[in-house]
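Student: Sharing a structure below in structure tokens format, with a few things to ask.
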Amino acid sequence: MNATSTRKPSHVFTAFLIAGLVLSLLALYWIFLRAPTEAMMGIVQKIFYFHVPAAICMQTLFFLCAGASAWVLIKDSDRADRLAHAAAEVGVLMAAFVLITGPLWARKAWGHYWEWEPRLTLTMVVLFMYVAYLALRSFTGGAGHGDATRRIAAGLAIAGAPGVYLVKIAVEKWRGTHPRVIWSGGLQDPDMLTAFLLGIGAFVCITVSLVWMRTRLRATEDAAEGLLLDLIERDIVEERT
Amino acid sequence: MIGRTFRAVVALVLTLGALWAPGAMAAEDGGTEPTQFVAATHQEKIDGGPFLLAAYAVIWAGLFLYLWSLQRRQAKLESDVATLRDALTRYDAGKGAGPKA
């Protein structure tokens, strides 16, 4: 029997999702009712409070994907493979948020939506790399199948990690128009800082629960594929090419 | 289960730390001029509202659509798994095979 059992929903991760929603509501309250409007950029600066947490989650998830992919290459672990796949998919969602909300902010702050400066360009390149990873994964079967594709995808995920690191250091190392706020004491107003920290808390909790849900979905996909193979072996269903 | 979750959370925190540490160190090195967010001291003309609204709408719509999509796919797959398990059990019990697919 090739099938693996599907996992029941975990209370821990349900708690993460609920905590994420509660923190999101708190963050929205702080952002719109407590944090002051920024003097230079006006109300559009409030995009910052979810734009940056999405970017932090994106970078963490892509690193997680690369780390889990390395584990796939070393140990051929199905669990690590599921985690890598889930991290990449949720990471691409976060990257999409970053690359949509950033230009909306830039339109007001810089006067145009896009600029080919280091951080923006690298973020786009990294997004394309992990979209390519997901495209490659769509050709891979479940557990024990499409091993070559799985390994090539793992290699691609690892190759994307230096790009993610460059996104992180781009503003500190190379000049560009992207603002440098957090580590240079740019958030000194306590209400602005609280709104930012609540935004981070909300995004981290939501991200953890989304990755877990996506991992569970992959486990169920693998179980279904395993069962299907068992049925084909017994000639109950016919294999389609 | 709690132990594994704890390890996962510790790994996440360590990853976040590893991500932020180079930024904190490199902040001293130069690069782009630091930006300071300054609170407006008086009520100014507020424009840019549609951009703000669009940004938040994209994030929340995206999150809820993805969450809904995951739940829907999970429910469908669990139903498929149950059907396949049933077919396999019936076959193994010698009660006959399901229809050819």
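Student: Report, by residue number, each residue of region A:23-45 that is more than 8 Å from chain B (Cβ to nearest Cβ) and of a type in the set (Ser, Thr, Tyr).
Tutor: Residues satisfying the conditions are A:Ser24, A:Tyr29.
Student: Among A:Ala66, A:Ala54, which is the only one that is in contact (Cβ under 8 Å) with a residue 60 or more places away in the chain and at the interface with another protein chain (Cβ under 8 Å from one of its Cβ atoms)?
Tutor: A:Ala54
Student: Given (1) of a type outside the set (Ser, Thr, Tyr); (2) in contact with a Gly (Cβ under 8 Å, 6 or more places away or on another chain); (3) crowded, with 23+ Cβ neighbours inside 10 Å, where does A:Val90 come up short, assuming only one miss?
Tutor: (2)
To keep it simple, each residue is scored yes or no on (1) in a helix (DSSP H, G or I); (2) at pLDDT 70 or above; (3) surrounded by 11 or more Cβ atoms within 10 Å (Cβ to Cβ); (4) among the acidic types (Asp, Glu).
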{"site": "B:Val9", "(1), (2), (3), (4)": "yes, no, yes, no"}
{"site": "B:Leu19", "(1), (2), (3), (4)": "yes, no, yes, no"}
{"site": "B:Leu52", "(1), (2), (3), (4)": "yes, yes, yes, no"}
{"site": "B:Glu78", "(1), (2), (3), (4)": "yes, yes, yes, yes"}
{"site": "B:Gly94", "(1), (2), (3), (4)": "no, yes, no, no"}
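Student: Shifting gears a bit: Which condition breaks for B:Ile59 when tested against (1) surrounded by 12 or more Cβ atoms within 10 Å (Cβ to Cβ); (2) modelled with pLDDT under 95?
Tutor: Unmet for B:Ile59, out of (1) surrounded by 12 or more Cβ atoms within 10 Å (Cβ to Cβ); (2) modelled with pLDDT under 95: (2).
Student: Right, here's the next one. Could you tell me whether any residue of region A:195-211 is aromatic (Phe, Trp, Tyr), at the interface with another protein chain (Cβ under 9 Å from one of its Cβ atoms) and in a helix (DSSP H, G or I)?
Tutor: no
Student: Does region A:11-25 hold any residues that are in contact with a helix residue (DSSP H, G or I) (Cβ under 9 Å, 6 or more places away or on another chain) and surrounded by fewer than 17 Cβ atoms within 10 Å (Cβ to Cβ), and which are they?
Tutor: A:Thr14, A:Ala15, A:Ile18, A:Leu21, A:Val22, A:Leu25
The values are calculated or read from the model by the stated rules, or taken from the named source; none is laboratory data. The shown structure was predicted, so the numbers you read here are calculated from the model rather than taken from an experiment. FYI the Cβ positions are ideal-geometry reconstructions off the backbone, even for glycines, and counts take in every protein chain you see.
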